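These notes are about the structure you will find just below.
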Amino acid sequence: MADSPGFTDPHPDLAPLASAVTAQLDRARADLAALVALPSVHGAEPEACAQARDLVRDLLAELPVPGLGPEAVEVVETSDGSHAVFAHRPAAPGRPTVLLYSHYDVQPAGDPAEWTSPPWELTERSGRWYGRGAADCKGNLVVHLTALRALAAAGGGGGGGRDDAAASTGATATGTSGHDPLDGLGIRLVVEGSEETGGGGLDDLVAERPDLVAADAILIVDSGNVAAGVPTLTTSLRGIANVVVTVDTLEAGVHSGQFGGAAPDALAALIAILASLRDPATGATTVDGLDFTGAWDGQAYPEEMFRADAGVLDGVELSSAAPVADLVWSRPTATVLGIDCPPVDGAIAAVQPRARALVNLRVPPGMDPEAAQRTLVEHIERRRPWDARVTVEPEAVGHPFRSVAAGQTDPVHDLLSECLAQAYGAGEVAEIGSGGSIPLCTALQQAHPAASIALLGVEDPAAAIHSPDESVDPREIERIALAEAAFLQRYR
């Protein structure tokens, strides 16, 4: 959401810890610059991905926290060929474990000419740091590093600290004597290498080795705030169920003057099928048999904010089918991601024999993505014109996720909200949904159903993730790191 009230000072209870976090910002920028310099696009840049993997491994191994260190770090190859980096310090008896997640792979940069500064060079302009991955998700990885370093530097003081029993014994997470800034709290760090490609490598690994991600609280730091300076928790994600639609009508293309008008045009048939996925009056998605009655029960998404965030052109209408929050967070949506057909430049006067499209179906919490995908396939097959040959190939599905259901309470959610509010000096925390998908959340939920999962991060609408000129506001790194550090101090 577009407008920001600006940053205010953290709550006084966090003053010592806030100073420790601020002292780490030069190191945070250096780490982020080193990470951004590596074009770690999984499947496209294997050397850069290997370098990023090794850099992440070294950064985790260097963390000055008792129980972490080189011996606590493990690199595991996953089923899609990527490498996930893990670090683990066991919890002291009776203490819980927190898992901290981020990923080091990034989206391609696209055409460098569309960037104001080089995409693989962290560059500061107008108070923001620019570069591919600066926000998604290397900036979020730096949050974890900064929070843990600050805790070590602060010595556990300020905003929580150790309880009396731990203080009297001097116990640490590894059972040796000496001061432990985390008071025996178990820590797992998980840094994925293929999140952006959705290859499912880490999902498969979680199913095969749930021990690698065993935790009581899981912080997925791969999200962001509704605006810079506004602390936010994302409480729901839509799932994904894509299909590829291919239409065949002719053995080969034929002259549009000689045969056009009678010959069945594969591209026109495909356009007719795709047009059936939207109501022309309201713009709402229309797939026969899918439920479009879902309503968002949390904070509204004002239309004017959505228009600004999405960059909707003046005079262009939004869908009038329902409030914005319902449409983007609580209802299924079909979007045409791409079409295979002749480009305008160089096109010849021929009736097209074949056309193909990729349709992206987003599925809200409470809806089975596999069943929704079958419903979409049936809709497309019923809508084929002229008995054209239509083939629909389902792609892999990702399940939707909801962290806290309406009316439920969760101590992890409540404590994290308190820490976020205090870190930002705010009276409350915004709670929103996301139309995007993070299939790993469902995999973690299935592996450890008793764990509490929360989503937060440094991204804001100005971050332009996945687009040219991606950036992060360093104050977001500072405040999210402060909130995370406070949570790690206080969590019992």
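The table below gives the values:
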quantity: Tensor-based shape of the range 249-389 (alpha-carbon gyration tensor, a/c under 1.5 rounded, otherwise prolate or oblate); calculated: prolate
quantity: Where the range 195-270 is the region considered: accessible area per residue in Å², 1.4 Å probe; calculated: 33 Å²
quantity: Per-pair calculated FRET efficiency, R0 = 45 Å: V75 and C341 via Cβ, rounded to 0.05; calculated: 0.55
quantity: Estimated dipole of the chain in Debye, rounded to 20 [Cβ of Lys and Arg +1, of Asp and Glu -1, Cα centre]; calculated: 340 debye
quantity: Cβ crowding within 10 Å averaged over residues, with 430-441, 228-239, 53-64, 270-281 ranked highest first; calculated: 228-239, 430-441, 53-64, 270-281
quantity: Mean separation of Cα contacts under 8 Å (6+ apart) over length of the chain, as relative contact order %; calculated: 26 percent
quantity: Accessible surface, per residue, of the range 1-105 when the full set of protein chains is kept, probe 1.4 Å, Å²; calculated: 42 Å²
quantity: Pair E393, L358: separation of 7 Å Cα→Cβ label points (nm); calculated: 1.2 nm
quantity: Antiparallel DSSP beta bridges within the chain, percent to nearest 5; calculated: 65 percent
quantity: Quotient of C-alpha Rg and 2.2 N^0.38 Å, computed over the range 112-154; calculated: 1.44
quantity: With every protein chain in place, the chain: carbon and sulfur % of accessible area (1.4 Å); calculated: 51 percent
quantity: Positive-pole candidate from H413, A464, H399, dipole of the range 370-473, charges at beta carbon; calculated: H399
quantity: Whether the range 185-302 is rounded, prolate or oblate, judged on the alpha carbon gyration tensor where a/c under 1.5 counts as rounded; calculated: prolate
quantity: Pairwise Cα inverse-distance average, inverted: Kirkwood Rh of the range 332-395 (Å); calculated: 13.9 Å
quantity: Space enclosed by the convex hull of the alpha-carbon atoms of the range 322-457, per residue, Å³; calculated: 188 Å³
quantity: Which of P210, G193, P231, positive extreme of dipole for the range 187-261 (C-beta unit charges); calculated: P231
quantity: R0 of 60 Å, Cβ-Cβ distance A349-R209: FRET efficiency to nearest 0.05; calculated: 0.55
quantity: Computed Kirkwood radius, in angstrom, where 1/r is averaged over Cα pairs of the range 361-403; calculated: 11.8 Å
quantity: Where the range 341-492 is the region considered: accessible area per residue in Å², 1.4 Å probe; calculated: 43 Å²
quantity: Under the Debye formula (equal points on every Cα, no solvent term), log10 I(q)/I(0) of the range 383-428 at q = 0.16, 0.28, 0.31 Å⁻¹; calculated: -0.66, -1.02, -1.10
quantity: Zone residues, the range 299-337, relative to S467, backbone N less than 13 Å from point 7 Å out along Cα-to-Cβ; calculated: 306-313
quantity: Enclosed volume per residue, in Å³, of the convex hull spanned by Cα atoms of the chain; calculated: 158 Å³
quantity: Counting all C-alpha pairs of the range 261-342, share separated by more than 15 Å (%); calculated: 67 percent
quantity: Alpha-carbon Debye profile of the range 1-81, log10 I(q)/I(0) at 0.20, 0.21, 0.24 Å⁻¹; calculated: -1.02, -1.05, -1.15
quantity: Cα point-scatterer Debye curve for the range 208-270, base-10 log of I(q)/I(0) at q = 0.25, 0.29 Å⁻¹; calculated: -1.10, -1.23
quantity: Inter-probe distance in nm under a simple model that places probes 7 Å from Cα toward Cβ, at A275 and D291; calculated: 3.2 nm
quantity: Rounded, prolate or oblate (a/c below 1.5 giving rounded, otherwise prolate when a/b exceeds b/c) for the range 382-477 by Cα gyration tensor; calculated: oblate
quantity: Two-decimal ratio, the range 52-144, of alpha-carbon radius of gyration to 2.2 N^0.38 Å; calculated: 1.33
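The values are calculated or read from the model by the stated rules, or taken from the named source; none is laboratory data. Worth saying up front: this structure is predicted, and the values here are computed from it rather than measured. So basically every Cβ, Gly included, is an ideal-geometry build from the backbone, and we count neighbours across all protein chains shown. Heavy atoms of the whole protein, side chains included, go into the accessibility calculation; ligands, DNA and RNA do not. Shrake-Rupley method; radii C 1.70, N 1.55, O 1.52, S 1.80 Å.
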